[in-house]
């Protein structure tokens, strides 16, 4: 039984309309701890979003970001190090991971950056003009002036 009801988040999301519904489809892989690595989804503007994934201990060559058919996949696999040091206590996880996010319609990835152990993926929702709502002016019978079009034969 769940202690948290994600339906409460549906009201406050724009751009990730189907995200929380589809996240349940992508459960943790076998052998991985649920929720690893932790992440945040932020709204940074009217149509701008940011996913921040905690990837402490991973460098840029260890990470791979792929977008395919409205699915964003972040993979991390630690490259074997040449260090001959002996680890007495390992509190920083270095296991491989794969985290998937289902993107809403018209959401595209602008870029990604790695900063202070956080992988930031910037997204923008670009709705085409044809799909945007438009306002229709309402006129009453008395206020509308019919336009006269002159048609003269040359």
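The values are calculated or read from the model by the stated rules, or taken from the named source; none is laboratory data. Being a predicted model, the structure only gives us computed values, none of them experimental. Because the Cβ atoms are built from the backbone with ideal geometry, glycine has one as well, and the counts that use them run over all protein chains shown.
Summary of values
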{"quantity": "Scope the stretch 44-62; condition more than 18 Å from residue 79 (Cα to Cα) and loosely packed, with under 15 Cβ neighbours inside 10 Å; matching residues", "calculated": "44, 45, 46, 48"}
{"quantity": "Looking only at the stretch 105-122, and only at residues there that are closer than 21 Å to residue 35 by Cα and out of contact with any strand residue (DSSP E or B) (no Cβ under 6 Å at 6 or more places or on another chain), the one that is surrounded by the fewest Cβ atoms within 10 Å (Cβ to Cβ)", "calculated": "116"}
{"quantity": "Test for residue 41: is it touching a strand residue (DSSP E or B) at 6+ places or on another chain (Cβ under 6 Å), buried (at least 17 other Cβ atoms within 10 Å of the Cβ) and modelled with pLDDT of 95 or more", "calculated": "no"}
{"quantity": "Any hit, the stretch 125-135, residues being modelled with pLDDT of 80 or more and part of a strand (DSSP E or B)", "calculated": "yes"}
{"quantity": "Counted residues, the stretch 63-87 - those being closer than 12 Å to residue 98 by Cα, surrounded by 14 or more Cβ atoms within 10 Å (Cβ to Cβ) and touching a strand residue (DSSP E or B) at 6+ places or on another chain (Cβ under 6 Å)", "calculated": "7"}
{"quantity": "Number of positions in the stretch 67-120 that are closer than 25 Å to residue 47 by Cα and either touching a residue at least 12 places away in the same chain (Cβ under 8 Å) or over 12 Å from the mean Cα position of the chain (by Cα) (or both)", "calculated": "27"}
{"quantity": "Total residues in the stretch 44-82, condition in contact with a helix residue (DSSP H, G or I) (Cβ under 7 Å, 6 or more places away or on another chain) and modelled with pLDDT of 90 or more", "calculated": "2"}
{"quantity": "Selection from the stretch 74-102 of residues that are within 17 Å of residue 64 (Cβ to Cβ) and part of a loop (DSSP other than H, G, I, E, B)", "calculated": "77, 78, 79, 80, 94, 95, 96"}
